[in-house]
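Below is one structure; the comments refer to it alone.
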Number of protein chains: 4
Amino acid sequence: MIEQSLRDALRAFVAERDWAQFHTPENLSKSISIEAAELLECFQWNTDAKSERVQAELADVLTYCLLLADRLGVDPEQIVREKLEQTRTKYPVDKARGRSNKYDEF
Amino acid sequence: MIEQSLRDALRAFVAERDWAQFHTPENLSKSISIEAAELLECFQWNTDAKSERVQAELADVLTYCLLLADRLGVDPEQIVREKLEQTRTKYPVDKARGRSNKYDEF
Amino acid sequence: MIEQSLRDALRAFVAERDWAQFHTPENLSKSISIEAAELLECFQWNTDAKSERVQAELADVLTYCLLLADRLGVDPEQIVREKLEQTRTKYPVDKARGRSNKYDEF
Amino acid sequence: MIEQSLRDALRAFVAERDWAQFHTPENLSKSISIEAAELLECFQWNTDAKSERVQAELADVLTYCLLLADRLGVDPEQIVREKLEQTRTKYPVDKARGRSNKYDEF
């Protein structure tokens, strides 16, 4: 479960600025895509990138993910755990082992 | 801090399938963008979407975020907390309150 | 067919800067996603946006699309026309008329 | 200038299905991001991909770009040409030659 202190800090940050009005699930989803592209930009022309830059962009994606989870009323670690169970079934070890075509051609 | 049991479950999932070889920071960043777009697809033509679908797509984005954080050797909750401190300074309450133009025109 | 003068101008632009080496299909595809997100950013918190800003971001997406088409050796207008034929069959008028769920639930 | 026959074919396709109501600039921009991610998916775990798959996904991105250009009342080739002029000034040949850090660190 996400630490309560972090969830509370995020909620306070939004409330103090009266930003909940902008944080619809749709707008947060757009924001996740936008920040994900900034993360991708670290690798636009290269396969490596400065670690602190990647870390900062990843933090932005994660922040919007946590805000959306809170908006949906779900615990982020819990939904990851549940999805992991499903994926485990979908890609059994004996078939998936060492294959990169796991997602589209399985 | 992310729960150790979840981090361990993700690591085991990847290790059992021998997938670490595909999980470079670049490939994980591409994957985050790809999954973020599937989340956005829930809202392609509407502002509302079925909650369980949104939740499932959010879980996929989060999973790749946690895998990238682990790959970078950083704690996801910690980097969100650090970024929040910076954003707090960048958008002080008195200037940001109730304004949607916060990010691009501040 | 895309105007030859534009295709030539794009080729000259790339050649003069010796940038073809960076313009692999993968890098151009990443670039299209990155620029698409900048276009989306015009609508992050609103449904309307300044037309000239949208136009400038759209131009960036299109530029990388044309560069990728040229790299693949295909004419951009031709592949749009071909895809349109397929989509026409996939979404026949009598079933698709006025329905927004066209893409995911048909 | 985009061929009139193609522009007319796209317009007829939309009109016959009564889809103009869904094609707001915002929704088309979301659609461009979504299709761009499907293009990126061709390269999720590899640097190469089947050419016909890449071509089909590129066609989808382009289609939404042309629909957005038409909605904005601009000619797609014209805005690319204008942007190219600006980029030419921003990245002069003598400084940009053979450098991959062109976009973010110039």
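Mind pulling up the Rg/Rh value for segment A:4-97? Radius of gyration and Kirkwood radius, both on Cα. Could the numbers behind the result be given before it?
Numbers: Rg = 16.3 Å, Rh = 15.4 Å.
Using only Cα positions, Rg/Rh for segment A:4-97 is 1.06.
Under the classification rounded if a/c is under 1.5, otherwise prolate if a/b is larger than b/c and oblate if not, where does segment C:29-70 fall, given a ≥ b ≥ c as square roots of the Cα gyration tensor eigenvalues?
On the way: a/c = 4.30, a/b = 1.96, b/c = 2.20.
It is oblate, given that a/c is not under 1.5 and a/b is not larger than b/c.
Which FRET efficiency value, to the nearest 0.05, is calculated for A:GLU52 and B:GLU52 with the Förster distance at 35 angstrom and r the Cβ-Cβ distance? Don't skip to the end; give the middle numbers.
Numbers: r = 37 Å, r/R0 = 1.05.
Step by step, r from the Cβ atoms, then E = 0.45.
Peptide A:84-97: average number of partner chain Cβ atoms within 10 Å per residue? Spell out each step's value before the answer.
On the way: counts 8, 2, 2, 5, 5, 0, 0, 4, 2, 5, 2, 1, 5, 4.
Rounded to a whole number, the mean comes out at 3.
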At 7 angstrom along the Cα-to-beta-carbon line, where would the label on C:GLN78 sit relative to the other copies? Give the distances in nm, shortest first.
2.7, 5.5, 5.5
Checked the protein assembly as shown with the C-alpha gyration tensor, a ≥ b ≥ c its square-rooted eigenvalues, rounded below a/c of 1.5, otherwise prolate if a/b is larger than b/c and oblate if not; verdict rounded
List the residues of segment A:1-18 whose backbone N lies under 13 Å from a point placed 7 Å from the Cα of B:VAL93 along the Cα-to-Cβ direction.
A:12-18
Based on alpha-carbon centroids, what's the gap between segment A:1-30 and segment B:1-15 in Å, whole number please?
26
With chain D rotated onto chain A, spot the residue of D whose Cβ lies nearest the axis and note the distance in whole Å.
D:SER33, 3
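Below 8 Å between Cα atoms, with a sequence gap of 6+, how large is the relative contact order for segment C:4-97 in percent?
Taking the mean separation of contacting Cα pairs over the length of segment C:4-97, I get 29 percent.
Work through the residues other than A:ASP70 whose Cβ is under 12 Å from its Cβ and net out their charges, Lys, Arg +1 and Asp, Glu -1. Could you put the intermediate results ahead of the total?
Working: positive: A:ARG7, A:ARG11, A:ARG71; negative: A:ASP8, A:ASP75.
Summing Lys/Arg as +1 and Asp/Glu as -1 gives +1.
Any read-out appearing in this document is the output of simple, stated calculations on the displayed coordinates, not a laboratory observation. Given the structure is predicted, the values throughout are model-derived calculations rather than measurements. Because the Cβ atoms are built from the backbone with ideal geometry, glycine has one as well, and the counts that use them run over all protein chains shown.
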